[in-house]
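The values are calculated or read from the model by the stated rules, or taken from the named source; none is laboratory data. Since we're looking at a predicted model, the values are computed, not measured. Note that we place each Cβ from the backbone using ideal geometry, even for glycine, and neighbour counts take in every protein chain shown.
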Amino acid sequence: MYSYVFFDLDGTLTQSEFGILEGAKRALSHFGIDCSDSEKLKKFIGPPLYVSFHENYGLSEEETQEAIAIYRGYYTTKGIYQAPLYDGIFDLLFELKNAGKKIMITTSKPLLMAEKVAKNNEIHELFDGIIGPGLDEKDSSKTILIRRAMEVLGVSEEDKYKVVMVGDRFYDIEGAREAGVDSIGVLYGYGEEEELRNAGATHIAKDVSELRNIVLS
């Protein structure tokens with residue numbers, strides 16, 4: 001059914017909580033903010049850092065920029081390498097590539113970091129491209145990123161039905177809907193089924209096996 005498969009990175013390809021949460025803890029602790037609630041901290045997985053610090057924790061503009069700098073100080077040297085692939089993902093990507101599908105990483109993580117994660121997990125060469133914002137972009141809209149990925153691949157309006165976005169959070173699903181393409185919400189990541197269904201997911205996959213059945217059908 002799908003010729004173009006776009007993947008979110010954190011929580012979809014990689015189990016990224018280890019490095020992200022540690023970076024977030026260090027930044028929040030700097031401002032005396034309680035970091036004991038690990039479930040609340042998981043909200044850092046998915047949205048842009050600016051949103052997480054400024055909107056979710058109420059830091060001022062100046063504090064937000066300082067928090068991002070502290071986070072990245074840890075994440076870019078250590079945390080970025082604490083994000084293993086989910087079981088079965090490498091094989092799935094390899095199958096998709098061999099089946100002639102065009103596959104892209106479409107992530108809100110800054111492009112420079114996303115490329116490092118992909119290379120560290122030895123999947124970089126399997127993709128036809130990686131789409132992510134620059135380090136200084138505050139608005140990392142998934143809708144914009146998905147449209148950018150389609151533009152890179154030369155996907156026409158008439159061929160949008162051949163595109164599917166795979167992600168674990170409502171940001172991915174809403175972005176796909178607004179871009180006019182199908183979506184698959186995966187339940188093995190950091191989002192909840194209700195969240196993904198309410199966002200309008202075209203499909204739900206509880207594990208990598210179910211995801212494979214959808215994208216390779």
task = Scan the stretch 138-165 residue by residue and report those that are of a type outside the set (Gly, Ala, Ser), in contact with a Phe, Trp or Tyr (Cβ under 9 Å, 6 or more places away or on another chain) and under 17 Å from Pro47 (Cβ atoms).
result = Lys138, Asp139, Lys142, Leu145, Ile146, Met165
inquiry  = Based on this model, can you work out whether Lys42 counts as surrounded by fewer than 18 Cβ atoms within 10 Å (Cβ to Cβ), in the same structural domain as Ala179 (by TED's automatic domain parsing) and either of a type outside the set (Asp, Glu) or farther than 25 Å from Leu187 by Cα (or both)?
reply    = no
request  = Quick one: which residue in Asn120, Asn98 is of a type outside the set (Asp, Glu), under 18 Å from the mean Cα position of the chain (by Cα) and farther than 15 Å from Thr12 by Cα?
outcome  = Asn120
Members of the stretch 6-65 found to be more than 11 Å from the chain's Cα centre (by Cα) and at positive phi, listed by number = Gly32, Gly58
ask   = Of (1) among the aromatic types (Phe, Trp, Tyr); (2) more than 20 Å from Ile89 (Cβ to Cβ); (3) touching a helix residue (DSSP H, G or I) at 6+ places or on another chain (Cβ under 6 Å), Tyr161 satisfies all except one. Which?
value = (3)
note = Matching residues in the stretch 176-217 (surrounded by 24 or more Cβ atoms within 10 Å (Cβ to Cβ), over 20 Å from Lys101 (Cβ atoms) and touching a residue at least 60 places away in the same chain (Cβ under 8 Å)) number 2
note = Scanning the stretch 94-111 for residues that are more than 16 Å from Gly46 (Cα to Cα), surrounded by 15 or more Cβ atoms within 10 Å (Cβ to Cβ) and without any contact (Cβ under 8 Å) to a residue 60 or more places away in the chain gives Lys97
ask   = If you check Ala201 against the conditions, is it at pLDDT 95 or above and in a helix (DSSP H, G or I)?
value = no
